[in-house]
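Written below as structure tokens is the structure these notes are about.
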Amino acid sequence: MRWASRGFAVLFVGCLSVNGNAETIEFPTEELASESVLPVFDKVENVKNRNVVTAKRIEVGGGIGFNLMDAFYNPMNFHGSVSYHFDEIHGINAAAAFWMSGLSNYGEQLKNGEGLDGDFFDPSRAPSPKYMLMGNYQYTAYYGKISLSKQMVMNLSLFGLAGLGTIAIGDQNKIALNFGIGEKFYFTKNLALRLDLRMLLYRGPDPTTRRLLPTDSEYEASAFGETTFFHTMLTFGLVYLL
Amino acid sequence: MTKKLMCLVLIALLPLGLHGAEKKAAPRTVTRDATTKGSARAELVQALQLVKQGKFQAASVKLFQLSHNPRFRDRKMQIKYLLGLMLYQMKMPQVAAFQFISVVKDGNNKYLQQALEKLSLAADSLGDDTLLNYAISRVKVDDFPRVHRDMLFFRIGEFQLRNQQFEAAAESFKRVQRTSGLFPKARYLEALAYTEANKAKEAYEAFEDLVQSREQYGVTDVARVSGLIGQARILYQAKKWDESIELYRQVPRDTEAWHDVFFESSWAMLRSGRFRSSLSNFHSLHSGFYEDRYLPESLLLRAIVYLYICKYDEMEKVLNLFNKIYKPVYKDVTTFLKTPSADAYFAEVIRAMKEFKEKGDQLDKTQFKIPFVVTRKIFAEGDFQRSYSYIKKLLDEKKSVDDMDGSWRNSAIGRYAKRVVQKRLVKARNRAGLQVKAHLDAVREDLFDLFEQEGFIRYEMINGKKEALKKKLAGKDLPEEQIDQDTQRDYYIQNGYEYWPFKGEYWLDELGNYHYVGTQSCN
């Protein structure tokens, strides 16, 4: 350390003579990034002092979603969710989604008999999904950042989730499975836009197993044969870390 | 292969031993004494047969008995030498080395050279300095088998280097052949010896040669990188700042040495007046990735750069940070240095590093009596690493002893081996503990010096602030709007490069790529 002390002494002497003005900033090309390899550490950790800390925190959120594969009913739903993050990777999530009533465009066309050669098919006479409650395990696979402009950098995380729950269809509640992936874009350290793409799997009454006329009264779920539904849900929402 | 060679050596030895025994027995008359001799001879023959058959365990038991039997006094050195060979084969180099030492100490026997050779090999495999010194001080190079001479020259060089015989050390290292696996280390140490002998030109050439000789092994080859660093350090010492920076820059980021190089290059940048570049480096060095590293000097250096560019507020933050981190370190080190037991020093370092290995960043670093930053520093020190490596070898040997079957363990040689290894372990741990203590002392002294430096730097900061205030009062201060307050940073971005503003978090892939974009505030 003696050489260091001598160095400090030399620097002090030099320091007294330093005087300058504001300057234009230029970086020598050789100092700009040229390597794509990473420094070696005993324990590899990609980020330190992370902006978005989720470990041991609760996240609440809500938003809007769409069932991309439902032919008959209004695909729009509203959802709310609560998550708890055990650490930066593992967490659990509870979500509830409530479907809007009514038919989709195709459902309306069928109800009006369009393309049915004088026949009618009114899906609103059959029971449709009303709400869904799900418990999920959530795995955050990636935390990173994205530069949207020269000054705007957003943190983001990519996660996968899978879980089990129940879906209410008419007067029945059925077990449902869901799994999917999602991404969060953080506007601040606590607030993020959350996008989810989920597959929803359940067995429920199949409206096409009987003729449904607009004049019919609404049937109970048990009046239909069952089938397995495999739906894709896309949801958008805001989440907030408490 | 080794076992086969071993048997060949033993077979070659065997007839000599038997022949010798026959020669001495021949002129005697048939008496009770002769009967005893005959039985003794039979015992020796039996032991040698076991050796010949490669039954190392049984042979070692027998040979150990014979080595303590007064009837075999005239054969003691032969027996000890063979016993050493057996134990060496049984992966007990420490216990084996003791047998070879007995032969060497006796001095006047025909097994001396062989024993010295084997002792050198055992000491080399153990990496124990004491044993090595002992063996090397007695070996005649010309009598040493050619196949192991590189090792011998290397160890002699190390011995001379430790004893500050720098030029002689360089000469010894130079004798290690290029084809030897020890060549890169030898070349590096040769250059180091030249450096110590103030022969910068020769040292630079040796480093350069090392770099060139390792080109084929890729850019991250440890020896190549060490050579580059050596060259850079010589240029730094010669005050050739820019050239040294260029060489430092050639050290790839994905090498262990890069972290140290990064700090050293900051010194060179500072000395060459590249304040921005050095501040850019400090941004990486003072990130969370280095929170476990002992880098007090870098904080003071950063403060000095801020002093150069009149950033007094930043300077004060850095000095405060220095005190916040290193004052408790100094206090804890001073307190721990009151510990009398040498073993406690070693045990504390090992406990911390073991837990760190298991838990990583989840480790509660406040639980240790020695500050963790200091523990890490000491753990990486060369002398401690050597001692630690020796201790690990002894532990392996202890395991070898414990893994032997019960009859061997309970035999005289088994009990002896256990006692020897145990004693050596205690001594080695104590020595390592004393090394830790010495390093802690050095850290304490180092920090004491640096606190003094911090005082001077703080004085300069206050002085600078006072001068700036005077100018402000006299109306000669800088205009309100400064270039570094301008948020338009387009001119920083050059074609082909991306600009990511720093938002408080540190990314592994960004380390070393940070660039300070402030400007100086001197008026």
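Points worth noting:
- Percent RCO, i.e. relative contact order, over segment B:342-473, from Cα pairs under 8 Å lying at least 6 residues apart: 36
- Principal axis dimensions, chain B - Cα atoms, whole angstrom, descending: 120, 46, 38
- Longest segment of chain B lacking GluC sites (Glu not before Pro) that sit in a DSSP loop with at most 10 other Cβ atoms within 10 Å: B:1-479
- Summed buried accessible area for B+A [probe radius 1.4 Å, Å², rounded to 100]: 5900
- For peptide B:304-311, the mean count of partner chain Cβ atoms within 10 Å of a residue's Cβ comes to 3.
- Our summary gives segment A:31-126 a relative contact order of 21 percent, counting only alpha carbon pairs under 8 angstrom and 6 or more residues apart.
- Whole-percent carbon and sulfur share, accessible surface of segment A:172-220, 1.4 Å: 60
- Close Lys pairs in chain A, defined as Cα atoms under 19 Å apart and 8 or more places apart or on different chains, number 8.
- Ligands, DNA and RNA left out, the 1.4 Å accessible surface of segment B:342-473 is 53% carbon and sulfur atoms.
- Kirkwood hydrodynamic radius of the protein assembly as shown, Cα pairs, Å: 33.4
- Candidate lysines for bridging to B:Lys201, where Cα separation is under 22 Å - those fewer than 8 sequence places away on the same chain excluded: B:Lys174, B:Lys185, B:Lys239, B:Lys240
- In chain B, the longest principal axis of the Cα atoms and the axis of helix B:93-106 are about 60 degrees apart.
- Per residue, the solvent-accessible area of segment A:23-134 (1.4 Å probe, heavy atoms of protein chains only, all protein chains present) comes to 53 Å².
- On Cα atoms only, tilt of B:32-52 relative to the major axis of chain B in degrees: 40
- Taken one residue at a time, the phi angles of segment A:96-106 give Karplus couplings (6.51, -1.76, 1.60, θ = phi - 60°) of 10, 10, 10, 7, 6, 7, x, 10, 7, 4, 5 Hz. Gly and Pro are set to x.
- Heavy-atom surface of segment B:342-473, accessible at 1.4 Å and reported per residue (Å²): 53
- Percent of C-alpha pairs per 10 Å bin, segment B:342-473, short to long: 11, 27, 22, 17, 11, 6, 3, 2, 1, 0
- Interface residues of segment A:43-81, defined as those with an accessible-area decrease of at least 40 Å² between the chain by itself and the complete set of protein chains (probe 1.4 Å), are A:Lys43, A:Glu45, A:Asn46, A:Lys48, A:Asn49, A:Asn51.
- Theoretical FRET efficiency, 1/(1+(r/R0)^6), r = Cβ-Cβ of B:Lys174 and A:Met152, R0 60 Å, to 0.05: 0.50
- Using alpha carbons only, the radius of gyration of segment A:41-241 set against its Kirkwood radius gives Rg/Rh = 1.10.
- 10 Å Cβ neighbours from other chains, averaged over peptide B:445-453: 3
- Helix axis angle, B:149-162 relative to chain B longest principal axis, alpha carbon, degrees: 50
- Shielding by partners for peptide B:500-510, expressed as the average number of C-beta atoms from other protein chains within 10 Å of each residue's C-beta, is 6.
- The simple spin-label model puts a point 7 Å past each Cα toward its Cβ; for A:Thr188 and B:Arg71 those points are separated by 9.5 nm.
The values are calculated or read from the model by the stated rules, or taken from the named source; none is laboratory data. The model shown is predicted, which means the values in this text are computed figures rather than measured ones. Note that we place each Cβ from the backbone using ideal geometry, even for glycine, and neighbour counts take in every protein chain shown. The accessibility values were calculated without ligands, DNA or RNA, using every heavy atom of the protein model including side chains. Shrake-Rupley method; radii C 1.70, N 1.55, O 1.52, S 1.80 Å.
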